[in-house]
Amino acid sequence: MIQEITILSDTGLPIFYYNFCEEINDSHNYQLIASYFDQICRFAKYGFKESINTLKMDKCVFYFYTDPHSKYHLILKCDSKMDDKRSRKKMVDLMAQRIFKRFFTRFEDDLLDFKGNITPFKRFSKDIKEMIPKSMISRPIQASQ
C-alpha cells in the first residue's frame, strides 16, 4: 500500500516528506527524487498539455495529484498492489485532497511567507499518522536473510 508521501511546492521544491517504511535509510535522498518528479510533471504539462497521474515500476507505483488551486504536487509511492484498480485510484485521489486541505489549513501563514525554510512542515508528520488508515500503509520491507 502507501510507502511514502512527498509534497512539492508550486515551484517544485520538496517541502514535506514522510516515509512509512522505517527500514529505509534516513539518508534516502528524497529531494533529488522529488525534483526529478517535478521535471516529469512539467514535461508532461508543457510538452504534451497533459498531466501525469501514475508512474509504474516493477515493485511500486507513484500516484501524482496536483492541487488545482495552488499547483502543489502530492506524490504517493505505493507498492504494486495499488496498481490497476480504479476504485483504489479514486481512494488515493480523495486521500490526496484531504491531505492537501489539512496541509494548507495548518500551514497557511507559513506558505504565504515561504522563503525556503521547510522546517515548520515537518510537524505535519503527526497529521499524516492520524489521517492515513493503518490498512493503507505498507509494512516495512523485510531484508532477505
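With θ taken as phi - 60° and the Karplus curve 6.51 cos²θ - 1.76 cosθ + 1.60 applied, the whole-hertz 3J(HN,Hα) list for region 112-119 is 5, 10, 6, 10, x, 7, 8, 3 Hz, x standing for glycine and proline. Shown are Lys49, Lys56, whose ranking by accessible area with a 1.4 Å probe and every protein chain present, most to least, is Lys49, Lys56. As a calculated quantity, the FRET efficiency between Ser70 and Lys129 at R0 = 41 Å, using C-beta atoms, amounts to about 0.95.
Compared with the alpha-carbon gap, the fully stretched path from Lys45 to Gln31 is longer by 2.9 nm at 0.36 nm per residue.
The values are calculated or read from the model by the stated rules, or taken from the named source; none is laboratory data. Model, not experiment: these values are computed from the prediction. Here the Cβ is made from the backbone with ideal geometry for all residues, glycine too, and neighbour counts use every protein chain on show. For the accessible areas, the whole protein counts, side chains as well, though only heavy atoms, and no ligand, DNA or RNA atoms are used. Shrake-Rupley method; radii C 1.70, N 1.55, O 1.52, S 1.80 Å.
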